[in-house]
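This report refers to the structure that appears directly beneath it.
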Amino acid sequence: MAEFEQRGKSLMLLAAGLFALALLAVVPISTALAEKKLPEVRAGEHENYSRLVFDWGRMVGYRAERNGNVIDVIFAAQSDAMIPEAQFRAKALRGISAARQVPTAPEKAALTHFRIAVPDGVKHRDFRIGQDLVVFDFYSDKPMKVIAPPKKTAAKPAKIMEKPAKKPPQPTEETEAGAVTAVTEAPPAMPQQVPEQTAVTGNAAATEAQQETVAEDMPAPSFTASVSAAPPAAAVPATAVETQILPEQGTVITLSTIEPSALAVFERFGGLWLVLDRMSGNIPPQLSGPLAAVLGAPQEFSLPEGTAYRFDMPPETAVAEINKMNLSWLISLHPKRKDGMELQSGQVRRALRAGRKPRAEIFLPGLEKVIALTMPDSGEKLYVVTAKQPGAKVSLPARYPQFAVIPAAQGVVVKAYDDDLQVTLRPSYVEIDTQKGGLVLTQDIVELPVPDMGGIDAAAQQEETAAADDSEASRLFDFYSWQRGGLPYLRENQRLIEAKLANTDKGTESAAVFLEMALLYLANGFGHEAYGALRAALHENPDLDKNPGFLAVRGGASVLAGFYQEAIRDLSVPGLKDHPEARMWRGYAAAASEQWLLAGEMFPNNNKIVARYPPEFAVPFMLYMAESSLRLGDTTRARGLLNALEPLLADMQPHHYAAMQYLAGEEYRQEGEPVKALQTWFKVAGGRNRLYHAKSSLSIVQLLRQIGRITDEDALDRLETLRYAWRGDGLEIQLLHAIASLHLDKQRYIEGLRELRRAVDLSEEILYDSGLLIDDMTKIYSKLYVDGEASKLPAFEAVALYNGFKELMPAGSASIVAEQNYADYLVRMDLLEDAAKIFEKQIAKDLQDPLKIAETGTRLATVYLRDNKAKEALSAIQRSGRKDMPQDLVRRRELLRARALSDLGMTAEAIKVLSGIPTDDAKQLIADIHWRQRDWAKAAATLQNILPSPAALKISGDDGKSNLVLNTAVAYKMADDQAALAQLRSRYMEAMKNAHEGAAFAVVTRPVEGTVTLQDRETILKMAAEVDLFKSFLDNYRMERNN
């Protein structure tokens, strides 16, 4: 429907402007974020890789460009000093040959540039940990050469190489009255969580800090104190870490969203749970790898603050790694480690508030949202905390009287034993408390491991019956949220996003801002502008076109912009193809381009999804759903949808009102009220909306013709005029189809098929379902050439139709029949050679049935004889002979063989063949042989034996018998047998009076008075020369076959 395109185009150039801005903008550095003007650079050597870490203390954009063995790292932040190259050499790394900071030009003063050289064969990968750290790993397929560290000198170690451990400050808290209460000393704080490649816990963290650690020791909050903690994990050797850095190819679950999202991942009771903090805009998980078929499709659950997916986790399988790429989360599954040394992290701490019971805290930066989840199998209540960055997790189990911590591969999972439990997200930590205040947490309580639930009787587990509701969990588009207040605030929101873009690094970050702008445009109905912003985002981050979430947004923008073919393509990719909301939008694109079969297949059975849309979206969707229902003859459902729109009539836009009126007229027509239908359609046709003027006019013409108010020719004239009123989509295809039908009803097959072909060509251009059109064309073609209706046409028209639409030839045995009928039309036009080629091909390749081969060989011989090719006719008879042929077919073949022998001068052999056939046809052919030999007496005697009686001649009419009588008279005349001629005249003169040959018969049998004149003799000789008794047989044979 074109209603979205009718919005003003005042914003058309904005997306292009934003695109240019992304290409030209130089990102300024905010002074508010300039706490650290020089990054701390730390280095670490591991068994199979070297590591370099840049720590700015805040989020700083960067890009890394590699050219051969040189890597240029450019940060979007200004440094106030240069790091000496000697400091980079303070500790030698196997994976780095040299490193230095590169001075920047004045116009690029807002950037910091480092250059790293690596040895041959060394690869690298770079990634971000949290917001502060940018990490570079250097590794090789072959063992890297070990470089001995330089000798220590008395010089003070360079600051950039190691960060000294910090002693946590003594925490204090103020009471409500302002007094300060000391709390017990906290243990060394856990290191900031890093991805699973290098995550360590407990004593392993301390060891790593002494050996060029990657992670920073994060100071504990001032209000925390020591609690009874989980036993520290054993140190993880570097080899185990390296295995996680370079994992073998495993199974990957890809979870994509339209907007940035946070994720939690954990295992529970044999299930793998993925919890997103978004209720809409989620693409169902996509699987790849060896376990994809085993995992199958997940169960989907709608949660109060998000969406959860549950897979049945295969035995001996664990989450090995979680990564994030643009808007997609990648969860990698691998076999469980045999040594039991899975990477673990996380710590629960006790905090004291003066005069109150203690509460628990889990310190973990980067957490996003707390989502309540009631497990469907056990009924236990979990609080799932999602994290924005991969690797942020608490994987150490812990249990307390009122709650337990469930190990997670991403995020935090807390199980509540107390209904009064509260889990609250604070900056950088999760707070666990009760509504009454305080937990039972004393220093003498020993943490217990989370009990093993594997022993629970499987029969006691209730089957998970929660299913995704297409109105909630499966929602893609959150228009009310994306509108940001709607049109009144659109300009202000544009300025805010533009300002954000001006301060954003190019690449993935600016792509995210362009996507934010696209969602704003999309939700407010500006399809072209949204499409332009998405193009800019794709330019900044080309990988987005592989993301189903991005494709979903682009598909929606394409629908609004009228790019229906592109919309259908984008919304049909894996991950969206079976999504209820994506299917509904594909249905809209199909309906807007008049593809009603596809629309009916795509639209849902209810309006649950669209009912949650803003009216400017819900109205056009429900109109098209109603029209789709009417196209399928479901007037009840259509009426329900139209009734639901009636409360909106007062505020409805004119083109939507025109659509409702048009659909009301169609409903009247289907319910047998043509007068009301016409009255309604005439009002719409007189309106200003071009689309529904054309639709109503088409319906009016068809209905008037149906009830006999206009003739076919009048209807055709009106439709020919109307076809120019609307071009280029499914409505034009309907017009062409209607015009073609009128031509075909008048047996104007060439015109009708030509219009249908135009409709098919147009349908392929716009992805219209052309199946119905092609079916109609195929049926017409089969009717003409398989059923033989083309025999009623002039031969040249039948031949032209056959060759002009040969692509409609049916398959199988029907094609053989069509070819044979076409060969008959060729024979009628004396195109005998072309007809013979068809029969030859069928005998050699197409036919398998012996009887069919014999019959086709007989027809081929007939064609050859008509073409005066007796030798080829005789060959055809011989090649197509088969055993057990019907006697009638045998006799016909013998007749043809006899004529071929006669034409070859083998008269005796021909007569011998014919003498064994006791039929009038055989006697007639014997007479023909005598005639051709000018043995007039024998010809006359033979013909005399097969003459009909005078009474039979009168009854039979002009069926060739009268010509037989005339030929007998000519033979007698040429034999100069006057007595026989007089007797023939006496017997048949009365019966021949009304025959076509009556006048000629009178002349030939006229009594001779005196000498025969030369003129009479020449007339008779001419008549004798024109006689071909066998040709009559061939004509009669073809006529008998056609009958």
| query | Among the residues of the stretch 253-286, which ones are more than 30 Å from Q483 (Cβ to Cβ), among the hydrophobic types (A, V, I, L, M, F, W, C) and surrounded by 19 or more Cβ atoms within 10 Å (Cβ to Cβ)? | reply | I253, V265, F266, L272, W273
| query | For the stretch 342-360, does any single residue satisfy the condition of being modelled with pLDDT of 90 or more and of a type in the set (K, R)? | reply | no
| said: Condition first: under 16 Å from K912 (Cα atoms) and among the polar types (S, T, N, Q). Now tell me which residues in the stretch 922-950 satisfy that. | reply: Q924, Q933, T942
| task | State yes or no: is L272 within 25 Å of the chain's Cα centre (by Cα) and over 28 Å from N541 (Cβ atoms)? | result | no
| task | Starting from residues that are under 12 Å from L762 (Cβ atoms) and at pLDDT 85 or above, keep the ones in the stretch 721-740 and report whichever is surrounded by the fewest Cβ atoms within 10 Å (Cβ to Cβ). | result | H737
| request: From (1) under 26 Å from A677 (Cα atoms); (2) aromatic (F, W, Y); (3) modelled with pLDDT of 90 or more, pick out the condition that doesn't hold for W596. | output: (3)
| task | Please note which strands (runs of 3 or more DSSP E) are completely contained in the stretch 368-443 and include at least 2 residues that are outside the structural domain of F266 (by TED's automatic domain parsing), surrounded by fewer than 19 Cβ atoms within 10 Å (Cβ to Cβ) and on the phi < 0 side of the Ramachandran plot. | result | 421-426, 429-434
| message | Looking at the stretch 298-312, I want the residues that are more than 14 Å from K369 (Cα to Cα) and have a partner that is assigned to a loop (DSSP other than H, G, I, E, B) and of a type in the set (D, E) with Cβ atoms under 8 Å, at least 6 apart or on another chain. Which pairs are those? | response | Q299/E464; S302/D469; S302/E472; R310/E464
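Scan the stretch 562-621 residue by residue and report those that are charged (D, E, K, R) and within 25 Å of L649 (Cα to Cα). Even if it seems obvious, please write down each step before you answer.
We begin by selecting, within the stretch 562-621, every residue charged (D, E, K, R); these are 566, 569-570, 577-578, 581, 583, 586, 594, 601, 608, 612, 616.
Matches in the stretch 562-621: E594, K608, R612, E616.
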| said: Checking the structure you have, find out if any residue of the stretch 816-834 is in contact (Cβ under 8 Å) with a residue 12 or more places away in the chain, in a helix (DSSP H, G or I) and under 30 Å from L597 (Cβ atoms). | reply: yes
| Which one of these is among the charged types (D, E, K, R), in contact with a Pro (Cβ under 6 Å, 6 or more places away or on another chain) and either surrounded by 14 or more Cβ atoms within 10 Å (Cβ to Cβ) or free of Cβ contacts under 8 Å to residues at least 12 places away in the same chain (or both): R859, R882? | R882
| query | Given the conditions (1) over 28 Å from D775 (Cα atoms); (2) touching a Gly at 6+ places or on another chain (Cβ under 9 Å), and given that V817 satisfies all but one, which numbered condition is not satisfied? | reply | (1)
| Every residue from the stretch 981-1029 that is in a loop (DSSP other than H, G, I, E, B), at pLDDT below 70 and not β-branched (V, I, T) | E1009, G1010, D1028
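Looking at Y662, Y613, Y668, can you tell me which residue is closer than 30 Å to G281 by Cβ and out of contact with any Gly (no Cβ under 9 Å at 6 or more places or on another chain)?
Of Y662, Y613, Y668, the one residue that is closer than 30 Å to G281 by Cβ and out of contact with any Gly (no Cβ under 9 Å at 6 or more places or on another chain) is Y613.
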| note | Restricted to the stretch 65-83 and to residues being closer than 12 Å to V118 by Cβ and within 39 Å of the chain's Cα centre (by Cα), the residue surrounded by the most Cβ atoms within 10 Å (Cβ to Cβ) is R66
| note | When (1) surrounded by 14 or more Cβ atoms within 10 Å (Cβ to Cβ); (2) within 28 Å of S902 (Cβ to Cβ) are applied to P810, the one that fails is (2)
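Can you spot a residue in the stretch 741-750 that is outside any helix (DSSP H, G or I), over 28 Å from Y724 (Cα atoms) and at pLDDT below 90?
Scanning the stretch 741-750 turns up no residue that is outside any helix (DSSP H, G or I), over 28 Å from Y724 (Cα atoms) and at pLDDT below 90.
The values are calculated or read from the model by the stated rules, or taken from the named source; none is laboratory data. These numbers come from a predicted model, not from an experiment. Positions of Cβ are backbone-derived with ideal geometry, glycine not excepted, and every protein chain shown enters the neighbour counts.
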